[in-house]
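The values are calculated or read from the model by the stated rules, or taken from the named source; none is laboratory data. Note that the coordinates shown come from a computational prediction; the quantities given were computed from them, not determined experimentally. FYI the Cβ positions are ideal-geometry reconstructions off the backbone, even for glycines, and counts take in every protein chain you see.
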Amino acid sequence: METKLKLIRDDNVNLILENVGSETKPPLEPEQGIPKQWLPKFFRKMVQVICLPLVLLDFYAQKVARLIVRPPFKRVGQCKRRGNCCHYVVMKKSKGLMGVLEKFWATQINGFYFRNEKPVTYQEKQVYVMGCRYLQKDGSCGNYKLRPMICRQWPVIAHFGWPNILKGCGYEAKKTKVYYKMQGKS
Ligand code: SF4
């Protein structure tokens with residue numbers, strides 16, 4: 001599969017995102033390079049530290065919710081540190097002020113950068129595909145303790161809907177008893 005694509009376009013985004021899990025080489029950086037963050041580092045860190053209790057609260061609240069309402073899939077396996085999920089972080093495009101704030105937060109606070117200047121269509125939604133400045137060469141996270149919620153949740157095993165796991169990343173979604181009950185096979 002060709003991953004050395006400089007731009008993510010509508011006609012290749014599905015192919016990339018559905019097959020990138022087994023890639024062993026990183027994609028090229030955006031043509032124009034990775035833009036510098038204009039927000040000072042101390043300010044970014046301060047915001048991340050202030051937000052951390054909320055992120056953790058949200059994360060553990062979701063864990064508790066999963067114990068109460070069991071989802072049809074559970075995550076098994078281990079990260080192979082290929083870094084592919086961090087090379088292609090997908091963010092839905094929002095309109096108006098919300099869109100501006102989300103872009104600001106993603107790029108200036110969370111450390112992501114856009115791989116495509118314009119949004120592309122993925123799963124019938126307009127999305128931006130982003131890389132991450134914190135991803136290390138060995139596939140580890142350079143901001144592990146302060147990483148955002150999206151990274152803590154990944155790979156997403158939704159309560160409803162199909163699990164979102166990159167092929168070959170090391171994780172798999174295993175069907176639980178709830179799944180078979182829902183299928184009427186219990
Ligand atoms: S913050 Fe860490 S875990 Fe999240 S995308 Fe960046 S490198 Fe990956």
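Note on the stretch 135-151: residues that are near the ligand (Cβ under 8 Å from one of its atoms) and either out of contact with any Leu (no Cβ under 9 Å at 6 or more places or on another chain) or closer than 22 Å to PRO71 by Cβ (or both) total 9.
Of all the criteria given as (1) modelled with pLDDT of 90 or more; (2) in a helix (DSSP H, G or I); (3) under 14 Å from the mean Cα position of the chain (by Cα), the one not satisfied by CYS85 is (1). The number of residues in the stretch 18-64 being over 17 Å from PHE114 (Cβ atoms) and without any contact (Cβ under 8 Å) to a residue 60 or more places away in the chain comes to 17.
Applying a threshold of 9 Å to beta carbon distances and a minimum spacing of six or more residues, or different chains, the list of pairs starting in the stretch 98-117 at a residue that is closer than 15 Å to PRO40 by Cβ and ending at one that is among the small types (Gly, Ala, Ser) and within 16 Å of the ligand (Cβ to nearest atom) reads GLY111/GLY142. Report, by residue number, each residue of the stretch 107-120 that is closer than 14 Å to TRP38 by Cβ, of a type outside the set (Phe, Trp, Tyr) and within 13 Å of the ligand (Cβ to nearest atom). Residues satisfying the conditions are THR107, ILE109, GLY111. Which of the residues belonging to the stretch 124-155 are closer than 17 Å to TYR113 by Cα, not in a loop (DSSP other than H, G, I, E, B) and not hydrophobic (A, V, I, L, M, F, W, C)? Matches in the stretch 124-155: GLN126, TYR128, GLY131. The condition (being more than 10 Å from the ligand (Cβ to nearest atom), crowded, with 17+ Cβ neighbours inside 10 Å and over 19 Å from ILE34 (Cβ atoms)) is satisfied by just one residue among VAL127, VAL156: VAL127.
Step by step: first the residues of the stretch 88-97, then only those that are in contact (Cβ under 8 Å) with a residue 40 or more places away in the chain and in a strand (DSSP E or B), then the one that is surrounded by the fewest Cβ atoms within 10 Å (Cβ to Cβ). Which residue is that?
Ranking the qualifying residues of the stretch 88-97, first place goes to VAL90.
For (1) of a type in the set (Phe, Trp, Tyr); (2) within 21 Å of HIS87 (Cα to Cα); (3) surrounded by 10 or more Cβ atoms within 10 Å (Cβ to Cβ), each residue gets a yes or a no:
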{"site": "LEU17", "(1), (2), (3)": "no, yes, yes"}
{"site": "LYS25", "(1), (2), (3)": "no, yes, no"}
{"site": "PRO30", "(1), (2), (3)": "no, yes, yes"}
{"site": "TRP38", "(1), (2), (3)": "yes, no, no"}
{"site": "PHE43", "(1), (2), (3)": "yes, no, yes"}
{"site": "MET46", "(1), (2), (3)": "no, no, yes"}
{"site": "CYS51", "(1), (2), (3)": "no, no, yes"}
{"site": "LEU54", "(1), (2), (3)": "no, no, yes"}
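Could you tell me how many of the residues in the stretch 56-71 are surrounded by 12 or more Cβ atoms within 10 Å (Cβ to Cβ) and more than 26 Å from LYS145 (Cα to Cα)? Qualifying residue count for the region: 2.
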